[in-house]
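Visitor: Got a structure for you, written out below as structure tokens; questions coming shortly.
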Amino acid sequence: MSRPEALSCNELVELVTEYLEGTLSATDRERFEEHLQKCEPCMIYLDQMRQTIRALGSLPEESIPEHAKQALLEAFRNWKKTQGA
Amino acid sequence: MSHRGEFRGADSGAARDADIGLADRLRAGDERAFIVLLDRYATAMLRLASIYLPRAVAEEVVQDTWLGVLQGIGSFEARSSLKTWIFAILMNRARTHMQREGRSIPFSGLSDPAADPVEPAVDPSRFIVIADDPGWPYHWATPWPKSWGDSPEDRLLSKEVQAEIQCAIDGLPSSQREVITLCDIEGWEPAEVTAVLGITASNQRVLLHRARSKVRRALEQYFGEE
């Protein structure tokens, strides 16, 4: 049985999103994880990407302005009248 | 209150039923159903529209979209989710606005990332080209990436870091910005993102990868490690 070729660090960094999204083939996933076990900087790199994604998911929300919301509710009530509801 | 990622990992059948319930209530003129939808999606709509249009125009497009939702809800047949249906209306309105103003249209659905110049996730100079150890070609050159600390969560949630991230996102090409906004900021499922943006799953991942890699790079620089 021939072993798949090992990944290099610069290849690994290009596969991080596919790895995290679970879309790597089984073989590539194995190569990816095998590399990680032996490579501290790549492990740190992966961790930085995970932290980046978490930080992106924690950005503050910017709501629509209150006057815009009120205008929409007004529009909704007008629409409702035309529906005869 | 955040509704982000609300349906993440949820059974899509349950999400579909919830959609149909909301659509029915909206059709029946239930104002609370309208408010639920506004609270759930208006922020993401504004964020998305702001990628293509100045803030004031983006707000107008969002307003206009909701009017379109009310006009069209009678014919919504739940063939798509209510969410992707609403966002499809938003994208149409945004396109119309841009055409009217004679702007070029930078939507990712019209671009092919494979045809873009290659954008390595990491500057190639960070890797050794000829390794002493043939078992490790293209290994990291020193300095290696450094850990961002044991308790990086607090640091990553600070206002300064958030401003840094926002700045990095603002600097992305709009096709990458669309994808990272919906996937990572709003926490959408990949299938929802591809449906609304009209891109393939593989293009979505390429764009997401490029965008995330750049934000990571900006953070690494900010933390003073390059």
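Throughout, read-outs are computed from the coordinates displayed, never taken from laboratory work. All of these numbers come straight from a predicted model, not from anything done at the bench. Here Cβ is always computed from backbone atoms with ideal geometry, including for glycine, and neighbour counts include all displayed protein chains.
Visitor: Considering Cα pairs under 8 angstrom that are at least six residues apart, work out the relative contact order of the range B:12-100 and quote it in whole percent.
Guide: This gives 37 percent for the range B:12-100.
Visitor: Also, I was wondering about something else. Counting only helical runs of four or more DSSP H residues, what would the 222 nm mean residue ellipticity of the protein assembly as shown come to if each run contributes -39,500 (n - 2.57) and the total is spread over all its residues?
Guide: -20000 deg cm²/dmol
Visitor: Based on other C-beta atoms within 10 Å, arrange A:HIS67, B:HIS209 from fewest to most.
Guide: Working: A:HIS67 9, B:HIS209 25.
Least crowded to most crowded, the residues run A:HIS67, B:HIS209.
Visitor: Between A:ASP28 and B:SER125, take the C-beta separation as r, use R0 = 35 Å, and let me know the FRET efficiency to the nearest 0.05.
Guide: Approximately 0.85, to the nearest 0.05.
Visitor: In nm, give the distance between the simple-model label positions of B:ALA78 and B:ALA201, each being 7 Å from the Cα along the Cα-to-Cβ direction.
Guide: Distance between label points: 2.5 nm.
Visitor: Okay, moving on. In whole percent, what relative contact order does the range A:1-60 give with Cα contacts below 8 Å and a gap of six or more residues?
Guide: Numbers: 24 pairs, mean separation 22.1, N = 60.
Relative contact order comes out at 37 percent.
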